[in-house]
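Readers should treat all values here as calculations from the given coordinates under stated rules, not as data from a laboratory. Keep in mind that this is a model prediction, so the values were computed, not measured. When we count neighbours, we look across all protein chains shown, and the Cβ atoms used for this are built from the backbone with ideal geometry, even at glycine.
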Amino acid sequence: MPPWFEAFLSAFLLSAGYNTAVVAVGSALLGAGGGAIGAFVLLRKRSLVSDAMSHATLPGVVLGFLFGLAIFGDGRSLPLLLVGAAFTAGLGMLAVNWIKANTRLTEDTAIGTVLSTFFALGMVLLTVLQSLSVSGQAGLSGFLLGSTSGMLASEAMTIAVAAGVVALAVLAFFKELTLLCFDEGFAASTGLNRNRLDLTLLVLLLAVVVIGLKTVGLVLVIALTIIPPVAARFWTERVGRFVPISAAIGAFGSYLGACLSASAPDLPTGALIVLILFALFLLSLALSPVRGILSAFIRHRRFQRIVHVRQGLLALAHDEPILEPITRRLMKRRGYVTGDLRPTESGWSAARRIARDQALWNLWREDCPDEAHALADWSLRPIDEVLPRDMVADLEARLGLKAEPARGATA
Amino acid sequence: MKIDHVSGGATKIALAEAGRRDVLDPGSPLAVAGLTVAYDRKPVLWNASFSAPEGELTAIVGPNGAGKSTFLKASLSLIPRLSGEISVYGKPMEAARGDVAYVPQRSSVDWDFPATALDVVTMGLYRQIGWFRWPGRKDRERARAMLELVGMEAFSDRQIGQLSGGQQQRVFLARALAQDARVYLMDEPFAGVDAATERAIVDVLRKLLAEGKTVLVVHHDLETVPLYFSHVLFLNAGTVASGPVTETFTAENLQKTYGGRLAATQLAALGEAAKVRG
Amino acid sequence: MDAITFLQFDFPSILLGSLAALGCGLLGNFLVLRRQSLMGDAISHVVLPGIVLGFLVTGTVDSLPMMLGAGVAALISVGLIELIRRLGRVEPGAAMGVVFTSMFAAGVLLLEQSGAGGVHLDVEHALYGNLESAVWLEATGFGDLLRPEILADLPVSVTRLAVVNLAIVAFVALLYKELKLVSFDPLFADTLGISSRLVGTLLIVMVAVAAVAAFDAVGSILVIAMFICPAATARLMTDRLGTQLWISAGVAVASGILGYFAAALGPQLLGVDMSVSAAGMIAVVAGLFQTVAMLLAPRYGVLARRRLQRV
């Protein structure tokens, strides 16, 4: 076993010392909170607001440092730095909302404006700090990319506790946020204040961003709230599962990243966590049976075949030419037509079956046009498999057809 | 040989799905055969076939979500289709861009865009002007003439966001006129416009007709179908029926397309209106 | 500050800052109108893995392979964003967030692993740039501005940005009509046979070129600011696209010049002896321009709107 793997394993099993364990658990809590909040934010289509927030933390961190320096003679107090970060990130968030509400500029422009100017202001302040040449400022660069190595036990504890509080807050607001994101109308009717809930959501997002600063770094912390929900999108169509899956991906990825980082203290923790989350995302994208690329491709091909074969058979039934090359190929491969596009015996029989099915479907559409265009199976699956028997029998009676023997029997 | 046991009520349906023969008809201004478009594996349009009658004004009607806009967009190859053939005077759509003009829904663009009414109408000429070249004085004059046709010459330098909904619709119409096409596809040009604009649009449609153009209009207001249009296409997920208004705009076809949405009395009245006009 | 020190030390930096601002600012107009403002943000972030890869492949800190690498990384990320947006059916912002954070993280790790960190490649440099390091020691007087053989001794980054700016101006001038059309009504553009996807891709390629050429000198944060703030300022001042382009160019260059002087002279005026980041200050000045426009623009400023509402 290579030494780095041994280190990773002991961190993974929480047996690499108190500090490492606290950092790993704190990261997992933060990942869970970020994943859950991020899922709600994604549904509100405001994912990149976190980008503005995270960049807007820089001036706050520097101001926090200067404040600490002026009052206590030392700027290196993590809570103070985080309070400063939260302060300017909050200002940035309000600025985004203000620009969006009061000018003709769109949200993406508002986000870009805030993130670049606030960060630039932070850069200016940082250079001011550098020319003051006071001690301890080197630690500030850890906020850029995140680092957990050399973190004090008290700092790790602060982060873990704060992350736990955020995770609890998400649980507390879970019902309201779900209503806000999935059923705005209902949320309003139950007397929930939409604006206040939206603000709550952004404040929780802000909390994740600020708490994640030290471990993940301000450039990458937004990944905690964006990658897990986008990965979770591929695993479920059901809204009730989306948020928990996102939280689980966030927690697992962050935990794994923090443990890996313990085994490779030279590598920036933030980059490791983000790349692991990205790997989880890629796995979801490629392999998820629900919406992954592979299954989507297979299902699309299958769907395409159903449509083309059905249209080809209808063309046979109505004595019309089959025009499209794909349709021709599929019809030949199934033996419905010969090489020179003459219908075969089985082609006739299938065409008859499909023509009957289509006639019934069309009649049903005339009866219930609303349901017809809402029903995904309309005209795609045999009507007997979708509608109740008595309904089909009724339609058949009106078409003047006698009930046909089971599918597949030759006429 | 046709399969004959699909008889009775089904014959009509079979006929509605016919028209696929016309596909290769090089004389058809717009022939669509077996068009299927699906969003997320749910077909919005299924096996729709239609051949636009040349030199006629056709209304495309159907309930919300019936795929009317999708039909226009897919015909124009703006969205991918699962199957189907489309031809404009026998040519594929990609080779016939110059022959087809399109009036999108008014809500499809951002009217806050920094452009004047004249700018937008000039866009209709961009194809003729060609890549890399700037519109010249002649182009601007032509665009101004088009604005005049829709009664908007006084607003040519107005930013488009400061126009009323009806005026914006007229600008879109003028842009399509500037294209000088043979076939016009319009997506709900009458939606939310004032009475004066509605008259102005009808005038433009008549003018196009007089010039022998073929026009297809997605239309919502069933009452005015017999007044404004000569032909009608009923759509609901697929083609339900199509033909001259006098023969096709019947209570039966309306019932088939809209089902319970229209009260029986309303249907009868609409059917009567069609007959009166005929 | 005498003329010679100005020419030798300040002038090249001002030139760099203004050129970077001008190119990005012009392209930014179309990003802002197409609601792609954050594309500039995403692309500037993915430049990092690109240059590191360029360095790893060629083993030199020569700028050409590194710029090529950055350009390739930018195009890959744009393709990936499009793929995620479609397959995951998520908003473009979220797709962008996934891609640029991941690629930036990959860049950071590559940097740490490759040891490229030692050769003036580091994350802070990529973010903050190094505007102040540009010098033109050959200059001896203002007359040199007209002497090609001495102008040729300007830092290579100045020449590079000048060439890129020419390309950007040519791009915008040649494709002005097409850019306007696809930004306003992409579907209609497609019906004319003017492919909105092609024009959109060309725009993104130019954005990538501008970002890559500028970031080395001014850092990615200034690049992001310049893609957005001048265009947003101009957007608030006018309803004509042509006018908007001119205003944005003016704001961009003015930010470059004023920002530099604010950074160089501001602290001295305040009586403190320190130097602050010029790139940062230029972005802050651009943000101030935009803030003033948001408040005071004749028609779309908040004050003008309030007054209108009251009447």
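Which value in Å does the Kirkwood hydrodynamic radius of the stretch A:294-399 take, with 1/r averaged over all unlike C-alpha pairs and then inverted? Could you put the intermediate results ahead of the total?
Values: mean 1/r = 0.0678 Å⁻¹.
Radius from the Kirkwood sum: 14.8 Å.
Pick out which of A:59, A:228, A:369 has the largest mean-square fluctuation in a Gaussian network model of chain A, springs linking Cα atoms closer than 10 Å.
A:369
Only helices at least 18 Å long along their own axis, judged from Cα atoms, and with Kyte-Doolittle mean hydropathy of 1.0 or greater: name those in chain A from DSSP H.
Working: long enough: A:18-43 (38 Å, 1.59); A:49-72 (33 Å, 1.51); A:78-102 (35 Å, 1.36); A:107-132 (37 Å, 1.36); A:153-172 (28 Å, 1.99); A:194-216 (32 Å, 1.57); A:239-263 (37 Å, 1.20); A:269-287 (27 Å, 2.77); A:293-317 (36 Å, 0.44); A:345-367 (33 Å, -1.06).
For chain A, where a helix must reach 18 Å along its axis and average at least 1.0, the hits are A:18-43, A:49-72, A:78-102, A:107-132, A:153-172, A:194-216, A:239-263, A:269-287.
If you place +1 on the Cβ of every Lys and Arg, -1 on the Cβ of every Asp and Glu, and leave all else neutral, what size is the dipole of chain C about its Cα centre, to the nearest 20 Debye? Mind dumping the intermediate values first?
On the way: 17 positive and 20 negative charges, 374 e Å.
My answer is approximately 1800 debye.
I'd like to know which of A:280, A:323, A:115 lies farthest towards the positive end of the charge dipole of chain A, counting +1 on Cβ of Lys and Arg and -1 on Cβ of Asp and Glu.
Selected residue: A:323.
For labels at residue A:70 and residue C:151 in the simple 7 Å Cα→Cβ model, what's the distance in nm?
Roughly 4.8 nm, to one decimal.
Post the alpha-carbon centroid distance, the stretch B:119-166 to the stretch A:12-80, in whole angstrom.
Value for the Cα centre distance between the two parts: 53 Å.
Which residue, A:218, A:267, A:202, has the most motion in a Gaussian network model of chain A that connects Cα atoms within less than 10 Å?
Highest fluctuation among the options: A:267.
Summing Lys, Arg as +1 and Asp, Glu as -1, what charge do residues with Cβ under 15 Å from the Cβ of residue C:16 carry, residue C:16 excluded? Could the numbers behind the result be given before it?
Numbers: positive: C:160; negative: C:10, C:132, C:153, C:216.
Local net charge: -3.
Enumerate the amide H contacts of residue B:159 below 5 Å, restricted to partners 5 or more residues apart or on another chain; note that Pro and chain-start residues carry no placed amide H.
Answer set, sorted by chain and number: none.
What percent do you get for the relative contact order of the stretch A:3-288 when only Cα pairs under 8 Å and 6+ apart count?
On the way: 490 pairs, mean separation 96.5, N = 286.
Here the relative contact order equals 34 percent.
Of the DSSP beta bridges with both residues in the protein assembly as shown, give the percent that are antiparallel, rounding to the nearest 5.
The answer is about 55 percent antiparallel.
Grab the other residues whose beta carbon is less than 12 angstrom from that of residue A:292, score K and R as +1, D and E as -1, and report the net. Let's see the in-between values first.
Working: positive: A:233, A:291, A:299; negative: none.
Once positives and negatives cancel, what remains is +3.
Quick one: check the C-alpha center-to-center distance for the stretch C:24-102 versus the stretch C:256-305, whole angstrom.
Computed from Cα coordinates, the inter-centre distance equals 28 Å.
Using only the Cα atoms of the stretch C:123-266, construct the convex hull and provide its projected area averaged over every direction, in square nanometres to one decimal.
Quarter of the Cα hull surface area: 11.0 nm².
Suppose every K and R has +1 on its Cβ and every D and E has -1 on its Cβ; what is the size of the dipole of chain A about the Cα centre, in Debye to the nearest 20?
Working: 34 positive and 29 negative charges, 161 e Å.
With Lys and Arg at +1 and Asp and Glu at -1, about 780 debye.
Please list, ordered by chain and number, the residues whose modelled amide H lies under 5 Å from the amide H of residue A:146; skip anything fewer than 5 residues away on the same chain.
The list, which skips near neighbours in sequence, is A:217, A:218.
So if R0 is 41 Å, what FRET efficiency would residue A:182 and residue C:270 give, r being the distance between their Cβ atoms, rounded to the nearest 0.05? Could you put the intermediate results ahead of the total?
Numbers: r = 53 Å, r/R0 = 1.30.
So, using R0 = 41 Å, E works out to roughly 0.15.
For the protein assembly as shown, with only Lys/Arg (+1) and Asp/Glu (-1) charged at the beta-carbon, what is the dipole magnitude about the Cα centre, in debye rounded to 20?
Working: 82 positive and 79 negative charges, 428 e Å.
Roughly 2060 debye for the protein assembly as shown.
Of A:392, A:243, A:62, which is the most mobile in a GNM of chain A whose springs link Cα atoms less than 10 angstrom apart?
Of A:392, A:243, A:62, the Gaussian network model singles out A:392 as fluctuating most.
Residue B:38's amide H: which non-local residues (gap 5+, or another chain) put their own amide H closer than 5 Å, with H modeled 1.01 Å from N in plane and none for Pro or chain starts?
B:44, B:82
If I model a spin label at residue A:6 and residue C:35 as a point 7 Å from the Cα along the Cα→Cβ vector, what separation in nanometres do I get?
5.6
If you take every DSSP beta bridge fully contained in the stretch B:9-277, what fraction is antiparallel? Give it as a percent rounded to 5.
Values: 18 of 35 bridges.
Counting DSSP beta bridges with both partners in the stretch B:9-277, the antiparallel share is about 50 percent.
With a length cut of 30 Å (Cα positions projected on each helix's long axis) and a Kyte-Doolittle mean of at least 0.0, go through chain C and give me the DSSP H helices that pass.
Working: long enough: C:11-33 (33 Å, 1.85); C:37-58 (33 Å, 1.62); C:63-88 (36 Å, 1.41); C:92-114 (32 Å, 1.24); C:196-218 (32 Å, 2.03); C:241-269 (40 Å, 1.20).
Those that clear 30 Å and a mean of 0.0 are C:11-33, C:37-58, C:63-88, C:92-114, C:196-218, C:241-269.
Using the Cα centre of the stretch C:3-310 as origin and beta-carbon charges of +1 (Lys, Arg) and -1 (Asp, Glu), tell me which of C:65, C:98, C:246 is placed farthest towards the positive end of the dipole.
C:246
Compute the distance from the alpha-carbon center of the stretch A:89-164 to that of the stretch A:213-252, in whole Å.
The stretch A:89-164 and the stretch A:213-252 have Cα centres spaced 21 Å from each other.
For the residues A:71, B:86, what sequence is obtained by ranking on other C-beta atoms within 10 Å, fewest first?
Values: A:71 11, B:86 21.
Least crowded to most crowded, the residues run A:71, B:86.
Counting only other chains, what is the mean number of Cβ atoms within 10 angstrom of the Cβ of each residue in peptide A:50-59?
Working: counts 2, 9, 2, 0, 0, 3, 0, 0, 3, 0.
Mean partner-chain Cβ count within 10 Å for A:50-59: 2.
Between the DSSP loop rule and a limit of at most 10 other Cβ atoms within 10 Å, which trypsin sites (Lys or Arg not before Pro) in the stretch A:203-298 are left?
Numbers: sites: A:214, A:233, A:238, A:241, A:291; in loops: A:238, A:291.
Listed in order of number, the matching sites are A:238.
As a quick test, which of the pairs B:91/B:256; A:175/B:42; A:332/B:91; B:213/C:177; B:138/B:207 have an alpha carbon distance above 25 angstrom in this structure?
Values: B:91/B:256 33 Å; A:175/B:42 31 Å; A:332/B:91 27 Å; B:213/C:177 28 Å; B:138/B:207 23 Å.
Violating the 25 Å limit, Cα to Cα: B:91/B:256; A:175/B:42; A:332/B:91; B:213/C:177.
In percent, how large is the relative contact order of chain C, given Cα pairs closer than 8 Å and 6 or more residues apart?
Relative CO of chain C lands at 29 percent.
As a check on your grasp of the helix formula, calculate [θ] at 222 nm for the protein assembly as shown: sum -39500 (n - 2.57) over DSSP H runs of n ≥ 4, divide by the residue count, round to the nearest 500. Kindly include the intermediate steps, with their values, before the conclusion.
Details: 44 runs with 644 residues, N = 1000.
Calculated at 222 nm, the ellipticity per residue is -21000 deg cm²/dmol.
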